[in-house]
Amino acid sequence: MKQFVDEFIRYIEVEKGYSKETVKNYERDLELFLDFLKSEGIRKIQSIDYSILRMYLMSLYNKQYSKKTISRVISALRTFFKYLVSENVIVNNPCTLLSNPKLDKRLPNYVNYEELDILMNSVDTTTPLGKRDALILEMLYSTGIRVSELVHLKLSDITRGEIRIIGKGNKERIVLYGQVCEKKLIDYAKNGRSNLAKNSNTQYLFLNKNGKPLSVRGVELIFENIVRKSGLKIHVTPHTFRHTFATHMLNEGADLKSVQELLGHENLSTTQVYTHVSNAHLREVYLKAHPRAK
């Protein structure tokens, strides 16, 4: 059965263009599933039915796996068995009756305008690395792109005021940025990146101190350092800036459909979570401003 998993992983990575993180998660999930099958004495992929899948999921619940993780496992199983049906390895998909656990709704974490200014002003922009870090913060906030999309940006992806993004599933979209980001981009290109690139011919926009493309973990460490310097007692990650972009856009009157397009969400329901945050902001404004609200 390992052979089928290996072929499936190559399929979603090469032909379907799944992100590296999704491929890694699916591979790990399916390897754990194979371990379970082995422990239960199940040797043939054709022997797997709904009852076996339910037994496996119950084992995950008993091990206190989170609902989010179990939902991802179900997604991996669904996609895997759908592939096996398409390849005529099995006739029926045993995942047909599986249902995802109902996830607890959590409002996205974001920073307010004051906290945002403090973080932006905590960067020392007198050095090449500082100019890079200032642009990273500004670009994440100005565009709402994912950190995985940020580190893959190339010089050729950027034209004045627009950035071409290759997002999840190799889907292309255009995001916008304004004058503040433009100024920081020009400053970094002239006085930051040119120093970091040294003798490198790489076309990636964001580089580390060795002139190599910056990694996702590298950006996370940059954020940790900036938050520490700022003195703020809040938890901020690169993804927090994506949440902040969406929340501030809605607070300032942007329509939900436009925010969905800019974020690259396939479904509007994914973007709608930010309306709860926006409504909370409106309630706060109302309670402060309306004379009969107090």
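Some notes on this structure:
- The chain: relative contact order in percent, alpha carbon pairs under 8 Å with at least 6 residues between: 17 percent
- Distance histogram for region 23-118 (every C-alpha pair counted, 10 angstrom bins, percent rounded to whole numbers): 14, 42, 24, 10, 7, 4
- Comparing mean-square fluctuations of Met55, Met120, Met139 from a GNM of the chain with C-alpha springs under 10 Å, the top value falls on Met55.
- For the chain, the fraction of 1.4 Å probe accessible surface lying on carbon and sulfur atoms is 50 percent.
- Normalised by the number of residues in region 1-147, the mean separation of alpha-carbon contacts (under 8 Å, six or more apart) gives a relative contact order of 19 percent.
- Assigned charges on the beta-carbon of Lys, Arg, Asp, Glu; the chain dipole about Cα centre (debye): 360 debye
- A straight Cα-to-Cα reach below 15 Å connects Lys171 with the aspartates and glutamates Glu13, Glu15, Glu149, Asp157, Glu261, Glu266, residues fewer than 8 places away in its own chain not being considered.
- Using C-alpha pairs below 8 Å separated by at least 6 residues, the relative contact order for region 40-100 is 44 percent.
- Ratio Rg/Rh, restricted to the chain and using Cα atoms, in which Rh is the Kirkwood radius: 1.04
- Rg/Rh for region 92-221, where both radii come from Cα atoms and Rh is the Kirkwood radius: 1.08
- Square roots of five times the Cα gyration tensor eigenvalues for region 196-242, Å: 26, 11, 7
- For region 153-294, the C-alpha radius of gyration sits at 1.29 times the compact-globule guess of 2.2 N^0.38 Å, with N the residue count.
- Computed over protein heavy atoms with a 1.4 Å probe, the accessible surface of region 1-103 works out to 62 Å² per residue.
The values are calculated or read from the model by the stated rules, or taken from the named source; none is laboratory data. Remember, predicted model here, so these are calculated numbers, not experimental data. When we count neighbours, we look across all protein chains shown, and the Cβ atoms used for this are built from the backbone with ideal geometry, even at glycine. We work out accessible area using only protein heavy atoms, side chains counted, and drop any ligands, DNA or RNA first. Shrake-Rupley method; radii C 1.70, N 1.55, O 1.52, S 1.80 Å.
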